[in-house]
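A.B. asks: Quick one: the structure is below, questions incoming.
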Amino acid sequence: MIKEAKGNKFSGPIYSEDGLRLLRVLGNPEYLEVEDGVKAICDEAFQGLNNLHDVILPASVIDLGTRAFASCRKLFKVTMPGVEFIGKECFALCESLKEIILPETLGKIWEGAFADCKALEEINIPSHLKIIDKSAFRNSGLKSLNIEISDGGKCLVYDKAFASCKHLESVYLNKNVKILERMAFADCTSLKTIEFEQPSLTCCAGEINATMLIGCTSLEKIIVPKNKYNKYPDFNIQAYESAQFETRDFNSLVTPKE
């Protein structure tokens, strides 16, 4: 059972009868404010609305479904103060998305959630985030990235999470960030500096994850704590001198932190 939007049954949001889920948006609005009390935006609810510019979600919304806002090519701003889960490809191909604040309630960003969001130049990473899934920000417009996870927490970063971010220049990862799979920053061709508070580059199979930076043709510095990098057995300096970097000319392969 569904409850149609008031006023015009042919246009606007359609909610579940209990008011807890937004099922679908009919018509092609430029602006939409979701009713308070809604807890979930269902799969593909806003997908392909090519006039949508601005969305406001109440704090009651905690779950954004698969491709919920995908291909909303004019979507510029999203307000979502209580979201806990961002579903697979939720904002994929939202090419104009620029203003979005990830709330501290957020725990998981699933596969491809912000892929191809080319106008997204900056993003705050919540301090309690647990998962950045495969290709989550692949080919987005990010220029810098700072991930600082609170003590007692751990954030797992999966395959190609930030790959092909062509404008990304600098990255900082604190000790509670774990690169779990390969190619997390592959083909970030503008990346100059990546800094680890505590290097942890071993993938789930136990191999050295040197491929996380493959194709980073502007890379100048990999920064690790001063005089400590040899204490991290999974941070294999020699791995960065293998064939995949043989054409690279680093200014400084490893620059210990002062």
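The values are calculated or read from the model by the stated rules, or taken from the named source; none is laboratory data. This is a predicted model, so every value here is computed, not measured. Glycine gets a Cβ as well: all are built from the backbone with ideal geometry, and neighbour counts include every protein chain shown.
A.B. asks: Just the residues that are more than 14 Å from LYS118 (Cα to Cα) and either not charged (D, E, K, R) or not in a loop (DSSP other than H, G, I, E, B) (or both), please, taken from region 88-106.
C.D. replies: Hits for region 88-106 are CYS90, ILE101, LEU102, PRO103, THR105, LEU106.
A.B. asks: Read through the list (1) in contact (Cβ under 8 Å) with a residue 40 or more places away in the chain; (2) touching a strand residue (DSSP E or B) at 6+ places or on another chain (Cβ under 9 Å); (3) surrounded by fewer than 18 Cβ atoms within 10 Å (Cβ to Cβ), then give the number of the only condition that GLY87 fails.
C.D. replies: For GLY87, the failing item is (3).
A.B. asks: Please go through region 157-212 and give me each residue that is modelled with pLDDT of 95 or more and of a type in the set (Asp, Glu), ordered by number.
C.D. replies: GLU169
A.B. asks: I'm trying to understand the selection: among the residues of region 66-84, which are of a type outside the set (Val, Ile, Thr) and surrounded by fewer than 22 Cβ atoms within 10 Å (Cβ to Cβ)?
C.D. replies: Hits for region 66-84 are SER71, ARG73, LYS74, PHE76, LYS77, PRO81, GLY82, GLU84.
A.B. asks: Scan GLU111, GLU35 and give me the residue that is in contact with a Phe, Trp or Tyr (Cβ under 9 Å, 6 or more places away or on another chain), farther than 28 Å from SER144 by Cβ and assigned to a loop (DSSP other than H, G, I, E, B).
C.D. replies: GLU35
A.B. asks: Okay, moving on. Within region 9-19, which residues are farther than 18 Å from ILE56 by Cβ and at pLDDT 95 or above?
C.D. replies: SER16, GLU17, ASP18 - these are the residues of region 9-19 that are farther than 18 Å from ILE56 by Cβ and at pLDDT 95 or above.
A.B. asks: I'm trying to understand the selection: among the residues of region 181-202, which are touching an Asp or Glu at 6+ places or on another chain (Cβ under 8 Å) and either of a type outside the set (Gly, Ala, Ser) or within 15 Å of GLY215 (Cβ to Cβ) (or both)?
C.D. replies: Passing the criteria: GLU181, ARG182, MET183, ALA184, SER190, LEU191, LYS192, THR193, PRO199, LEU201, THR202.
A.B. asks: Of the residues that make up region 49-61, is at least one farther than 26 Å from ILE125 by Cα, part of a loop (DSSP other than H, G, I, E, B) and among the aliphatic types (A, V, I, L, M)?
C.D. replies: yes
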